[in-house]
1. Excluding ARG128 itself, what net charge comes from residues whose Cβ is under 12 Å from its Cβ, given Lys and Arg +1 and Asp and Glu -1?
2. Of the options ILE162, ALA431, HIS504, report the single residue whose Cα projects farthest towards the positive end of the charge dipole of the chain (beta-carbon charges: Lys, Arg +1; Asp, Glu -1).
3. Assuming R0 = 30 Å, can you tell me the calculated FRET efficiency for the pair LYS138 and ALA74, based on Cβ-Cβ distance, to the nearest 0.05?
4. For PRO403, what is the net charge nearby, where nearby means another residue's Cβ is under 15 Å from its Cβ and Lys, Arg count +1, Asp, Glu -1?
5. Rule-of-thumb check for segment 349-423: C-alpha Rg over 2.2 N^0.38 Å?
6. If you bin every alpha carbon distance in the chain into 10 Å steps from zero, what whole percent lands in each bin?
7. All other residues with a Cβ under 14 Å from the Cβ of HIS240 taken together, and with Lys, Arg as +1 and Asp, Glu as -1, what is their net charge?
8. Report the antiparallel proportion of the DSSP beta bridges in the chain as a percent, rounded to a multiple of 5.
Amino acid sequence: MENKEAAVSLRNISKSFGSIAANKNVSLDINRGEILSLLGENGSGKTTLMNMLAGIYYPDSGQIFVDGREVRIASPRDAYDCGIGMIHQHFKLVDVLTAAENVVLGLEGPLMLDMPKASAKIREICDRYDFSVHPDKKVYDMSVSEKQTLEIIKVLYRGADILILDEPTAVLTPQETNRLFNVLRQMKADGKSIVIITHKLHEVMAIADRVAVLRKGEYIGEMMVSETNPQEMTNMMVGHTVSLNIERPEPVDPQPRLTVSGLTVVSDEGVLKLDNVSFTAMGGEILGIAGISGSGQKELLESIAGLCPIKEGSIIFTPKDKPARELVGLTPTKIKDAGIAMAFVPEDRLGMGLVGGMGMTGNMMLRSWRLGKGVFVERKKPDELARKLKDELGVVTPDVDYPVRRLSGGNVQKVLVGREIATVPSVLMTAYAVRGLDINTSYTIYNLMTEQKQKGTAVIFVGEDLDVLLELCDRILVLCDGKVTGIVKAGEATKEEVGLMMTHIDSGKEAAE
């Protein structure tokens with residue numbers, strides 16, 4: 001392994017939240033002129049560790065050295081003084097301000113008031129790294145890629161030469177990801193230190209020099225990327241061998257289950273969210289939905305589920321051996337009362353899918369509370385279901401009554417997906433079912449989707465990882481600005497073709513209806 005100068009050295013860092021130990025005696029070096037990927041399952045302590053470098057958390061014990069000098073990082077300002085900047089997965093921008101105003105927001109001194117000078121410095125950074133962000137452009141007019149670029153400009157403007165990126169490609173197209181990686185390579189050539197937290201191992205292989213692995217809050221070890229592979233990294237993260245194959249059995253006698261025609265949705269503010277969307281979801285098939293963030297995926301699923309008002313269009317549900325039924329105008333309760341078995345796993349797990357203060361049993365009861373007699377709520381069956389899901393899906397929780405908000409993201413998602421699948425749905429819709437989940441939990445979810453497909457369920461899978469969509473799904477519908485730009489057969493399409501369709505550039509691929 002090549003010897004490099006350590007920009008940051010963490011020594012015996014520990015951090016606990018109540019009785020939960022997030023990090024335990026972690027020692028790790030971040031080197032100059034290197035891209036380090038920090039890997040681990042959900043709840044392994046990756047983000048907590050980096051948040052201590054960024055000044056968001058303060059360690060309970062341990063030491064942090066920057067360029068060989070011990071430092072105390074008790075706030076984000078302390079982190080910037082040490083040359084450390086973090087680009088979070090969820091952007092910290094003010095939509096109504098310009099790019100330049102967002103960059104100087106929170107700064108003190110003359111640059112806070114001298115906007116022409118600040119804009120000039122921003123242009124210097126853009127010229128250096130070939131960024132295309134205008135200092136006077138409002139954030140609400142920016143694409144997701146531009147917002148992320150602005151976040152990088154913010155930390156560079158403040159003098160950061162140690163950059164931490166948390167899931168940086170989660171909402172980027174393949175083309176945008178390639179551009180980001182080119183920028184990171186240029187920063188590395190400039191001698192900057194870069195840490196990437198990600199679950200996408202193919203991207204680790206493409207961009208990182210070294211990987212460091214955490215498991216259950218502890219540092220397990222490190223490897224040079226040139227000397228390892230995704231399987232070995234996964235085994236190290238999980239602690240045992242994990243199969244990385246996504247099975248995609250051919251659909252058996254697929255039948256139309258959900259026929260969407262001319263669906264148009266307008267927000268309360270009068271913004272067109274879906275524009276004349278039409279497609280058919282087949283029973284016994286997984287239909288993937290691809291698109292950059294904000295292309296209408298959320299509104300599509302919510303309108304089908306009866307949660308979003310529809311301006312125009314038709315949604316026809318065709319059950320097995322029963323007459324077809326129009327869903328437009330029906331609330332979720334009326335859809336259920338009509339005997340339509342529809343399950344929906346929303347993007348907002350705790351805000352919309354589960355009640356964080358309840359345990360697994362209480363959240364199972366959300367699906368069955370109306371079955372109780374009088375003032376009494378049926379609890380026995382929900383409790384049995386909770387215990388069954390805990391065992392079958394390996395949900396890590398002290399007890400089925402333990403509040404789900406205290407569980408890791410992967411365990412929360414297992415509870416939500418398991419509850420919806422337990423309803424034996426004819427249509428199963430999932431929005432970003434594996435977002436932020438570790439690879440082991442993600443493959444559990446993929447297998448559950450495939451099992452439902454083989455039972456004849458029409459599965460609609462909204463995802464952001466094109467590699468997964470192409471492996472898991474049978475067909476992929478691509479949305480751009482609320483419009484369908486094509487439907488392709490997953491086994492025949494390429495990631496680049498789908499990425500071009502996501503940005504409304506015609507790839508020449510014929511739609512597979």
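We did not get these values from a lab; they are worked out from the coordinates using the rules stated. Everything quoted here is computed from the prediction, not taken from an experiment. Here the Cβ positions follow ideal geometry from the backbone for every residue, glycine too, while neighbour counts run over all protein chains shown.
1. -1
2. Result: ALA431.
3. Once the sixth-power term is evaluated, E becomes 0.35.
4. After counting each charged neighbour, the total is +2.
5. Rounded to two decimals, the normalised Rg is 1.01.
6. Taking every Cα pair in the chain, the percentages come to 4, 17, 26, 26, 18, 7, 1, 0.
7. -1
8. So the antiparallel bridges amount to about 55 percent of the total.
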